[in-house]
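The values are calculated or read from the model by the stated rules, or taken from the named source; none is laboratory data. Note that the structure is predicted; figures quoted are calculated from it, not measured. Cβ sites come from the backbone with ideal geometry, for glycine too, and all protein chains shown count toward neighbours.
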Amino acid sequence: PTPEAWNRVDAYLSDTLVGHDPDLEAAIAAQEEAGLPAIEVAPLNGKFLHLLARISGARRVLEIGTLGGYSTIWLARALPDGGRVVSIEAEPRKAAIARGNLQRAGVADRVEVREGRAADVLPNLAGEEPFDLVFIDADKESNTVYLDWAARLGRPGTVVVVDNIGRSGEVADPHSRNSQVTGTQRGLEMLGSDPRFDATALQTLDRKGWDGVALAIVTDAAG
Ligand code: DHB
Ligand code: MG
């Protein structure tokens with residue numbers, strides 16, 4: 001298909017199933033205004049995350065990579081009373097935009113944006129209750145590190161989602177020298193071989209182009 005064709009389908013599905021949402025649209029506008037990259041998940045994918053959280057009954061959600069908080073809002077809205085999202089963001093400028101967006105969307109009381117490199121912040125979460133759902137959407141070079149923490153900070157049954165596993169098809173190139181691609185490949189190989197996970201992945205074709213999302217469950221092997 002051509003970009004024109006899949007963008008038309010993306011618009012059709014988004015209009016039909018997601019519709020307009022002032023707080024989510026304001027979050028995108030604020031992010032753009034601040035000059036942050038427009039690499040948030042597409043609306044259909046944001047709602048996919050939201051539904052996964054509801055279907056799994058998640059009360060505690062961990063997000064690695066906040067950006068402007070667009071996916072964070074989707075996840076926060078899925079929580080039952082008393083639920084919590086912890087979202088880790090390395091760049092203070094992004095965290096500040098996200099906090100404004102979360103406030104406007106009325107979910108700031110349910111979300112804790114933790115600033116710092118995820119590899120530094122994640123060990124500090126070890127004493128807390130396990131997370132029910134983990135969304136990994138940060139620097140792809142660290143995906144294996146984040147998956148390892150997802151298994152440790154989760155429990156058998158925890159849902160794990162990894163964004164951007166298609167990378168315009170480059171994920172299937174064994175000779176890629178793009179570190180984001182090789183990081184993604186190492187993460188997928190871990191999902192396929194590490195007994196702590198049972199996983200699959202779906203390709204996506206939407207307003208963000210050709211990409212994909214991996215879905216995993218943490219198994220009993222994680223103890
Ligand atoms: C990139 C990262 C993302 O999380 C995304 O959704 C799209 C692109 C990137 O770093 O290129
Ligand atoms: Mg992403």
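Among the polar types (S, T, N, Q) and either surrounded by fewer than 16 Cβ atoms within 10 Å (Cβ to Cβ) or within 30 Å of residue 1 (Cα to Cα) (or both), is that true of residue 168? Show your work before the answer.
On the way: among the polar types (S, T, N, Q): yes; either surrounded by fewer than 16 Cβ atoms within 10 Å (Cβ to Cβ) or within 30 Å of residue 1 (Cα to Cα) (or both): yes.
Judged against the criteria, residue 168 is a match.
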**Study point:** For residue 124: the one exception among (1) in contact (Cβ under 8 Å) with a residue 12 or more places away in the chain; (2) under 19 Å from residue 113 (Cβ atoms)
**Key:** (1)
**Study point:** When residues of segment 63-73 are limited to those that are within 13 Å of ligand 2 (Cβ to nearest atom) and part of a helix (DSSP H, G or I), the one nearest to residue 203 (Cα to Cα)
**Key:** 71
Review point. Would you say residue 177 is crowded, with 21+ Cβ neighbours inside 10 Å, more than 17 Å from the chain's Cα centre (by Cα) and more than 16 Å from ligand 2 (Cβ to nearest atom)?
Key: no
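Residue check: is residue 108 under 20 Å from residue 135 (Cα atoms) and free of Cβ contacts under 8 Å to residues at least 60 places away in the same chain? I'd like the intermediate steps shown before the answer.
Values: under 20 Å from residue 135 (Cα atoms): yes; free of Cβ contacts under 8 Å to residues at least 60 places away in the same chain: yes.
In short, yes.
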Check your understanding: Counting only residues that are over 21 Å from residue 138 (Cα atoms) and surrounded by fewer than 17 Cβ atoms within 10 Å (Cβ to Cβ), how many does segment 105-124 have?
Key -> 2
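Would you say residue 223 is among the small types (Gly, Ala, Ser) and either in contact with a Ser or Thr (Cβ under 6 Å, 6 or more places away or on another chain) or modelled with pLDDT of 95 or more (or both)? Before you say what the answer is, go through the steps one by one.
On the way: among the small types (Gly, Ala, Ser): yes; either in contact with a Ser or Thr (Cβ under 6 Å, 6 or more places away or on another chain) or modelled with pLDDT of 95 or more (or both): no.
So residue 223 does not fit the description; no.
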